[in-house]
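Working notes for the structure below.
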Amino acid sequence: MTSDPLLIVLSGPSGVGKDSVISRMVQTRKNYHVAITATSRPPRQKERDGIDYIFLSTNTFREMIERNEFLEWAIVHGNYYGVPNTQVLKPLGDGKDVIVKPDVQGAASIKKLNPNAILIFLSPPSLEELSKRLHSRMTESSNEIQNRLQTAEKEMIESNKFDHIIINQHDRLNYTVTQIESILDKERHT
């Protein structure tokens with residue numbers, strides 16, 4: 001049995017419910033550290049710096065890239081996104097499981113750097129359902145939603161590169177979290 005903390009990479013299309021799943025996971029087990037992603041995009045309404053994202057200027061983000069301060073980073077929808085090393089290394093060193101939620105290409109980069117990372121792809125039941133979810137959250141324009149749906153199609157094709165694929169059904173959050181926890185329990189005991 002391994003007692004090493006797990007690096008859990010939860011990825012999937014925008015609007016699939018990653019934040020809801022992670023929030024419920026943290027409620028059910030306390031030994032998680034959720035890595036806060038840094039971004040150069042401006043905050044959306046109700047987003048808080050250091051809690052929802054670490055909001056950085058484009059220049060600051062680029063300086064951090066130069067200093068190798070990210071586990072992974074990418075430009076997504078025209079903005080920089082990345083996981084600062086400090087959000088992962090210290091909590092792992094403290095014995096906490098770390099949850100990271102990068103985009104699909106970021107997940108692949110993390111797996112190359114850390115082959116023991118557990119990659120979980122959170123999938124919508126369908127693109128139609130994803131479209132409904134994106135429209136209902138009312139945070140993006142119609143053009144942004146179209147871009148996100150086109151990206152989602154590509155990401156879903158890449159899902160076969162993940163260790164596990166979980167379909168996040170509408171109104172089945174607890175079931176989704178139970179499936180993920182089952183995967184993690186098996187990983188802890190191998």
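The values are calculated or read from the model by the stated rules, or taken from the named source; none is laboratory data. All of these numbers come straight from a predicted model, not from anything done at the bench. Reconstructed Cβ throughout: ideal geometry from the backbone, glycine too, with neighbour counts over all protein chains shown. What goes into the accessible areas is simple: the full protein's heavy atoms, side chains included, and nothing from ligands, DNA or RNA. Shrake-Rupley method; radii C 1.70, N 1.55, O 1.52, S 1.80 Å.
Among the residues of region 94-106, the one identified as in contact with a Leu (Cβ under 9 Å, 6 or more places away or on another chain), closer than 17 Å to Ile65 by Cα and not in a loop (DSSP other than H, G, I, E, B) is Gly106. Whenever a residue of region 172-190 is over 16 Å from Val9 (Cβ atoms) and free of Cβ contacts under 8 Å to residues at least 12 places away in the same chain, it has no partner that is open to solvent by less than 50 Å² (accessible area, probe 1.4 Å) and aromatic (Phe, Trp, Tyr) lying with C-beta atoms less than 9 angstrom away and at least six residues away or across chains.
Within region 139-190, the residues that satisfy the criterion of being open to solvent by 90 Å² or more (accessible area, probe 1.4 Å) and assigned to a loop (DSSP other than H, G, I, E, B) are His170, Asp171, Arg172, His189, Thr190. If the condition is being assigned to a strand (DSSP E or B), of a type in the set (Asp, Glu) and either touching a residue at least 12 places away in the same chain (Cβ under 8 Å) or surrounded by 13 or more Cβ atoms within 10 Å (Cβ to Cβ) (or both), then region 42-93 contributes only Glu72.
Among the residues of region 58-77, the ones that are touching a helix residue (DSSP H, G or I) at 6+ places or on another chain (Cβ under 9 Å) and either of a type outside the set (D, E, K, R) or modelled with pLDDT under 95 (or both) come to 7 in all. Among the residues of region 112-138 satisfying the criterion of being part of a loop (DSSP other than H, G, I, E, B) and exposed (fewer than 14 other Cβ atoms within 10 Å of the Cβ), which is modelled with the lowest pLDDT? The selected residue is Met138.
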